[in-house]
Amino acid sequence: MEYDVVIAGGGPAGATVAALVARGGYRVLLLERSPAARFKIGESLMPATYWIFQRLGLLDTMRESAFPVKGSVQFFSADGRAATPFYFEDHDPHESSRTWQVLRSDFDRILVDLAAAEGAEIRPGVSVKRVLFADDKATGLEIKNEDGALEQISSRVVVDATGQSSLLARQLGILEPEPLLRHASYFTHFEGAVRGQGRDAGATLILHTETRKSWFWFIPLPDDRVSVGVVGPVDYLVGGRDADPERVFQEELSHCPALQERLGSARQLLPVKVIRDYSYSVRSFAGEGWVLVGDAAGFIDPIYSSGVYLALVSGEMAADAICDALENTDFSPQRLGAFEPDLRRGMEAMAKLVFAFYSPEFSFGAFLKRYPDCRGQLVDLLMGNVFRRPVDELLAALDASLAVCGKTSS
């Protein structure tokens, strides 16, 4: 059987493509390596996910879930001082200014279940080995089933949603690591941590360590869980010391008193996990018969929680391009990649904010004193509104400030 679309990867990007293309009446196969949804990071959403949830018909599901509501993000300096939180509703008093902190195993299952309800075929426990090509056009996938048997699947369009495995970009040699953001992350979950109250109950916290060489995230989750992770340069976190994940995590925690206070009586629930060297881009989001979405199309450092949002919005944009290609029987890079300029522009805008964060000479406080009119656009970028509202003034000011700091954002 030939499918209209076969998707490798059942995370937020792949499931969004599957749901929207299947809704259009096409034959869709979604392949997922894990037989069940599993623990992942990328638990903090951006408020702009609201509009995608609205289109998918998931707003009521999210409202009725146990996921904590996220209404702000707050930064802590290296000496433990808390900055004034960025309360999203103060900037835009609309329901779309609030979002959720999600347990990824539950959240990913919601999206896959939606894709199945829309008519997509879901096949878990499948390992994708490679993308098949004929005359430079992607024609399907070679997979290994749960029983170990190899199988070839034919499809008019192949979607790579394999996350940071980035199967097709690596196969084609079009993946480009970001040399200025060679970072690693060590992360786990805790129970019983001190959490905010009232308006701050679901806030994401970003805490610098005293050494200024790393930073921690603190994300409230359902059932009294919190996600805690540390991010820093690979050479610092991994090189030159005992790289045992538990020891690295605890050493960095010893440099973050503000976080120690919150975790004082908390119980660690999971072994510390590691992701290394994970910021990268790809040279193209689409080719003849193939499309990249989500982390398979590039990954930006997690400081601003953009990962799941970009996965969802890339899935939405790609789904529209794929439906247009199927309707017109045109699987050219131009047709399938019609969304690339818009998506890349948004990703680059968020990347500039990341470069600013990691520039030692850059201060957001000083930046906003110099460019007070940019505060609204800065909050828009933190909310993910880059695809809905112009942030050109902010980006120009960031470019000027980073140039003064001797840094480049591209």
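Readers should treat all values here as calculations from the given coordinates under stated rules, not as data from a laboratory. Here the structure is a predicted model, which means the values were calculated and not measured. Heads up, the Cβs are rebuilt from the backbone with ideal geometry, glycines too, and the neighbour counts pull from every protein chain shown.
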Q) Given springs between every Cα pair under 10 Å in a Gaussian network model of the chain, which of Lys369, Lys40, Lys129 has the largest fluctuation? A) Lys369
Q) Expressed in nm², what is the orientationally averaged projection area of the convex hull enclosing the Cα positions of the chain? A) 19.8 nm²
(Q) Among Leu132, Leu259, Leu167, which one shows the highest mean-square fluctuation when the chain is modelled as a Gaussian network with alpha-carbon springs under 10 Å? (A) Leu132
Q) Cα extents of segment 332-372 along the three principal axes, largest first, in whole Å? A) 47, 21, 7
Q.
Using the Karplus curve 6.51 cos²θ - 1.76 cosθ + 1.60 with θ = phi - 60°, what ³J(HN,Hα) values do you get for each residue of segment 157-174, in whole Hz, with x for Gly and Pro?
A. 9, 10, 10, 8, 10, 7, x, 6, 5, 6, 3, 6, 4, 6, 4, 8, x, 10
Q | Computed [θ] at 222 nm, deg cm²/dmol, the chain (DSSP H ≥ 4; -39,500 (n - 2.57); rounded to nearest 500) | A | -10000 deg cm²/dmol
Q) Taking the Cα centre of the chain as the origin, how large is its charge dipole in debye, to the nearest 20, when only Lys and Arg (+1) and Asp and Glu (-1) carry charge on their Cβ atoms? A) 680 debye
Q) In whole Å, how far is the Cα centre of segment 129-174 from that of segment 177-206? A) 34 Å
**Q.** Residue (of Leu172, Ile303, Ala78) at the positive-pole extreme of the chain, dipole from beta-carbon charges
**A.** Ala78
Q) Too long at a 23 Å Cα-Cα cut-off: which of Lys213/Lys273; Lys129/Lys273; Lys213/Lys352? A) Lys129/Lys273
(Q) Return the Rg/Rh ratio of segment 326-403 with Cα-based radii and a Kirkwood Rh. (A) 1.14
Q: Find the relative contact order for the chain and round it to a whole percent, using C-alpha pairs within less than 8 Å whose residues are 6+ positions apart.
A: 20 percent
Q | For peptides 351-357, 311-317, sequence by mean Cβ density within 10 Å, most packed first | A | 311-317, 351-357
Q: Specify the inter-centroid distance of segment 32-68 and segment 297-376, based on alpha-carbon positions, in whole Å.
A: 19 Å
(Q) Let me understand segment 359-404 better: what is its radius of gyration from the alpha carbons, and its Dmax, in angstrom? (A) 10.5, 30
Q. What order do you get for 9-15, 333-339, 56-62 when each peptide is scored by the mean count of other beta carbon atoms within 10 Å, highest first?
A. 9-15, 333-339, 56-62
Q: Excluding residues on the same chain fewer than 8 positions from Lys144, give the aspartates and glutamates whose Cα lies under 15 Å from its Cα.
A: Glu32
Q) When ranked by the protection proxy of mean other Cβ atoms within 10 Å per residue, highest first, what sequence do the peptides 227-234, 391-398 form? A) 227-234, 391-398
